[in-house]
Each structure stands twice: as structure tokens, then as C-alpha cells.
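Encoded as C-alpha cells, the structure appears first; notes follow it.
The values are calculated or read from the model by the stated rules, or taken from the named source; none is laboratory data. Here the structure is a predicted model, which means the values were calculated and not measured. No Cβ is skipped: glycine too gets one built from the backbone with ideal geometry, and neighbour counts run over all protein chains shown. The protein model used for the area step is the full one, side chains on, heavy atoms only, and it has no ligands, DNA or RNA in it. Shrake-Rupley method; radii C 1.70, N 1.55, O 1.52, S 1.80 Å.
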Amino acid sequence: HTLEVVALGRGNPLSGGARVAIAGLQYSAAAAAPSYGAGGGPAAAQRMIFGYCGRKDYVDRDGHSWRPATEFVARTGYGTDVVERLLWTTRRTMYIGHTEDEEIYRYGAHGEKFWSNITVAPGRYNVRLHFASTPLHPFLEQDPEGGWKRYVLNVDINGQREIEALDVAKEAGGTFLALTKTIENVAPRHGIIEVLLTGVDGREAILQALEVIPVNE
């Protein structure tokens, strides 16, 4: 590896100079194992709803608490508001079929590419993803091929492709229907589980909610 530091002779207008100083440098030829950096992170189940802004956790029919999803990343361009671009923070619909917990599916994240880094303790986890295709109106959000807007996506967990070209509405049996996918026995890398969603064929990916649950729970 080569590390190069170049002084450009300019800086923050509030700065009193343009000098660059390096106090020290450390390096190592050691190779880090996939578990390197893993520490005492959360070992309990984590449940989150994307776009949900309630001041209190949502409690589902089984008594589990769901919090607003905050650990996510998207590149939406310089000077843009990721929350505005990525999240549906108002209910898209009231009715969601195939579930007794409709509130989990009424919001969501959407975009060409976004990911969530879930901090966890060492161990094995099941990653459960919740989807629902909730287009506003076929005239407002129309698919390039006509009809309701379609959401087709890939899912990668820690860099490994787990779901390929998932058409949410087709898999669920229609729009406004809940769909759940589970990836089992996932080990964290560097203390996190990365869940990456990417749209396919020019369409957006979506995700309504996410659970990371210890395998023994």
C-alpha cells in the first residue's frame, strides 16, 4: 500500500494557515480475521420499521417492540436529504393483507441501492426482511411496462447474494400484501450484519421492516 499526503496550500477560510502536520503513523502487515472488531454488541433481537417516526416503540401482536430504523445508508447525491429521498414517513396505506401487524408494512424505505449495518454481538442470527408493495396509484406510480409500479430487488447479506430478483408484488400474490423472507444462521463480520438491497432492471428496491434475531430465540 502507498499512503500519500499532499498539502494543497489552502484550507478552511476560518483557519489561520495552510500547514499540514503528521504526528505519527502506525501500520501492520497482519491480516484481520472476519471476526476482528467484534465485541460486546447487542445479543438480543433487534426489530425496526423503516420510515416509522412514532415516539414510542410499536408493539406487535406477540408483544415484541419495534423501533424506528436509523442504521441505514444511501447515496442520494450531494446536498440531498437522505430521509426525504429514501423513507416513506407517512402511511402509504391502511390495509395490508396477509398479516395481523399491518403497521409494520405501512411505511418503508425505497431506492436504487441502500443498506443497513446492524451492530450485534458475536453469535449466529436469523435475518428476517418484511416487504409490501404499496404503490400510491397506477397513474402516479406506474411501472415502465404499465400497471402498478413494481419493486424488484436483490438482497446481499455480508457481501453474499441471498435473494435474486425478488418481485415483491408477484411473490406476495399482489399489491398491499405482506411478504416475509428469512435468511438463517448469519454470522456477523467485524461486529455487524450488513443487509444490502439493490433494485433490478431500473426498478427500486424496498424494505418495510427488518429483524435480526438470535438463532436460539
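Semi-axis lengths, largest first, of the ellipsoid equivalent to region 176-217 are 23, 16, 8 Å, with √(5λ) applied to each eigenvalue of the Cα gyration tensor.
Within the accessible area of the chain, what % is carbon and sulfur when the probe is 1.4 Å and the other protein chains stay in place?
Working: 6450 of 13240 Å².
After summing per-atom areas, the C and S share lands at 49 percent.
Computed on the chain, with alpha-carbon pairs under 8 angstrom and 6+ residues apart, the relative contact order is 27 percent.
Counting only protein heavy atoms and using a 1.4 Å probe, the accessible area of ILE213 comes to about 10 Å². Packing around the peptides 104-115, 149-160, taken as the average count of other Cβ atoms within 10 Å per residue, puts them in this order, highest first: 104-115, 149-160. Listed values [x] 1.01; [y] 1.07; [z] 1.12 include one computed from this model; for Rg/Rh (Cα atoms, Kirkwood Rh) that value carries the label [y].
Accessible area per residue for region 154-217, computed on protein heavy atoms with a 1.4 Å probe, is 43 Å².
Segment GLN26..ALA45, full-extension length gain: 3.1 nm, with 0.36 nm per residue of separation and the alpha-carbon distance subtracted.
Note the full-extension length gain between GLN160 and THR182 as 0.36 nm times their separation in residues minus their Cα-Cα distance, in nm to one decimal. So the extension gain works out to 6.5 nm. Based on alpha carbons, the Rg and Dmax found for region 1-81 are 22.4, 61 Å. Extending 7 Å from the Cα toward the beta-carbon at both TYR78 and LEU14 defines two label points whose distance is 2.1 nm. Given region 106-207, what whole percent of its Cα pairs are spread farther than 18 Å? Distances greater than 18 Å cover 47 percent of the Cα pairs.
How much accessible area per residue does region 40-80 have, counting only protein heavy atoms and a probe of 1.4 Å, in square angstrom? All intermediate terms of the calculation are to be shown ahead of the outcome.
On the way: 2750 Å² over 41 residues.
Value for region 40-80: 67 Å² per residue.
Per-residue Karplus couplings for region 165-179, computed as 6.51 cos²θ - 1.76 cosθ + 1.60 with θ equal to phi - 60°, are listed in order as 6, 7, 8, 4, 5, 5, 5, 7, x, x, 7, 6, 10, 6, 9 Hz, Gly and Pro entered as x.
Among 61-68, 17-24, 76-83, how do they line up from the highest to the lowest mean number of other beta-carbon atoms within 10 Å? Could the numbers behind the result be given before it?
Values: 61-68: 12.5, 17-24: 7.1, 76-83: 10.8.
So the order, starting with the most tightly packed, is 61-68, 76-83, 17-24.
Normalising the average separation of contacting C-alpha pairs (under 8 angstrom, six or more residues apart) by the number of residues puts the relative contact order of region 1-119 at 22 percent.
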